Amino acid sequence: MQRRTFLKTTAALGAATIASETLLSRAGAADAPTAAPVPGPAAATMSRPVVASVQGPDAYASAVKAVELLGGMGRFVNPGATVGLLVNAPGWLKRPATYARTEVVLAVAKMAADAGAKKIVFLLKIAPDIWTRSPLGEQHKDLTATITDVDGPFITKEIPQGTAIRKADMVQALFECDVVINVPILKHHGGTTLSGCLKNVMGTCSRATNKFFHSGSVAPEAKEDRDFLAQAIADANLVRRADLYVADATEFLLNNGPAGPGEVGRADTVFAGTDPVLIDSFGAQLHNRKPADIALLRAAAAHGIGSMDTAACELREVKLG
C-alpha cells in the first residue's frame with residue numbers, strides 16, 4: 001500500500017478492535033565517564049532510516065520478507081557470529097496478542113542460522129512452551145533444539161549520558177554477542193503507553209533494575225512514576241543498540257497491557273529496521289497515537305537514539321497474499 005493509505009489505515013486500527021544485583025543510581029549520583037555507547041554497526045551505515053513493512057496473513061513469511069527488504073539477514077549476521085535474540089515472550093505472557101508470535105521468532109532464528117550464525121541465544125528467558133505455540137515449531141525442531149537462553153549473570157553498566165539514571169544492571173550475554181536482534185510486539189503497556197523496541201530493552205535488565213525503573217523517583221510505597229520510567233528506559237537504550245529490530249504487529253493489545261486481557265487490534269504486519277524509535281513510532285500510529293505524545297519516544301529521540309518522523313524515512317512496503 002502507499003504511505004498515505006498506510007497512515008490512514010493505522011489510524012483507523014487504533015479505534016477498530018477484534019474482539020526487570022545492584023540497584024542503579026539516579027542521574028547526578030554517578031559522574032564517572034565511561035566509553036560512549038556503541039550503536040549497532042548496521043545502524044551506523046544508514047544515512048536515511050529505512051523501515052520495512054510487510055502485511056500478510058503468514059507472519060513467518062512477512063518476517064522473512066521484511067528482512068529481505070533491508071538487504072537480507074546476511075547484511076547483519078556474518079558466518080560464525082554469536083547472535084543474541086531479545087524476544088518479548090517470557091513465560092508469564094500467555095495470551096495471544098501479548099507476546100511476539102512464535103512464527104516471527106522462528107523466522108528470525110532461521111534467517112540467522114542460514115546466514116551462518118555459530119550460536120543463537122535468547123537474552124531474556126523465554127516461555128518454555130514457545131515452540132509448541134505454533135505448528136511451525138515441530139518443523140523447526142532441529143533448529144530450536146540448538147537455541148539456549150540465559151538468566152544472568154548481570155553486570156553493572158555505566159550510562160554517563162543518562163538523564164534519569166546513570167547505571168543499570170544488564171545481562172552479561174548482551175555484551176558477548178556479535179549481533180543483537182530485538183524482536184518485540186507493538187502492544188499497549190499501562191506504564192509506558194506503548195511496548196515495543198525501546199521498552200523491550202528492559203528484558204536485558206535485572207529484576208532489581210527494572211523495579212527501580214518503575215519506582216526510583218518516588219517513595220518506596222508508591223507504585224510508579226511513569227515519566228521516570230519512560231526516561232529510565234530511554235537511558236538504558238543508550239548502552240547497547242540492537243543491530244536489527246523485527247517487530248510483531250500482527251495482533252496486539254490495544255489496552256490493559258502488558259498482559260491483558262484486553263481489546264485486540266490487528267494489522268497483520270511485521271516491521272523491520274535499525275531505528276527503534278522509528279519502528280515504535282509506526283507502532284504508536286497503530287494505536288491511534290502521535291509518536292510525540294508518548295514520553296518514551298520523546299526521551300529516546302532527545303537522546304539521538306532514533307527519529308519519530310515516520311514521514312521522513314524510506315518506507316519499503318509489501319503486501320503478501
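Can you give the extra length, in nm with one decimal, that the chain gains between ASP309 and GLN161 once fully stretched, where that is 0.36 nm per residue apart less the Cα-Cα distance? Walk me through the numbers before you get to the answer.
Details: separation 148, 0.36 × 148 = 53.28 nm, distance 2.31 nm.
Gain on stretching ASP309 to GLN161: 51.0 nm.
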### Set LYS187/LYS290; LYS94/LYS125; LYS65/LYS125 screened for pairs whose C-alpha atoms are more than 22 Å apart
LYS65/LYS125
### Query
Taking 0.36 nm per intervening residue step and subtracting the Cα-Cα distance, what contour gain separates ALA302 from ASN255 on full extension?
14.3 nm
### Peptides 279-287, 122-130, 190-198 ordered by average Cβ neighbours within 10 Å, highest first
279-287, 190-198, 122-130
### Message
I'd like the antiparallel share, as a percent to the nearest 5, of DSSP beta bridges with both residues in the stretch 141-257.
### Response
75 percent
### Task
Sort out for me the Cα centre separation of the stretch 102-181 from the stretch 191-262, rounded to whole Å.
17 Å
### Task
Can you check what the net charge comes to around GLY190, using other residues whose Cβ is under 10 Å from the Cβ of GLY190 (Lys, Arg +1; Asp, Glu -1)?
0
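Here, each number is a calculation from the coordinates, and none is a lab measurement. Nothing here was measured: the structure is a model prediction, and the numbers come from that model. When we count neighbours, we look across all protein chains shown, and the Cβ atoms used for this are built from the backbone with ideal geometry, even at glycine.
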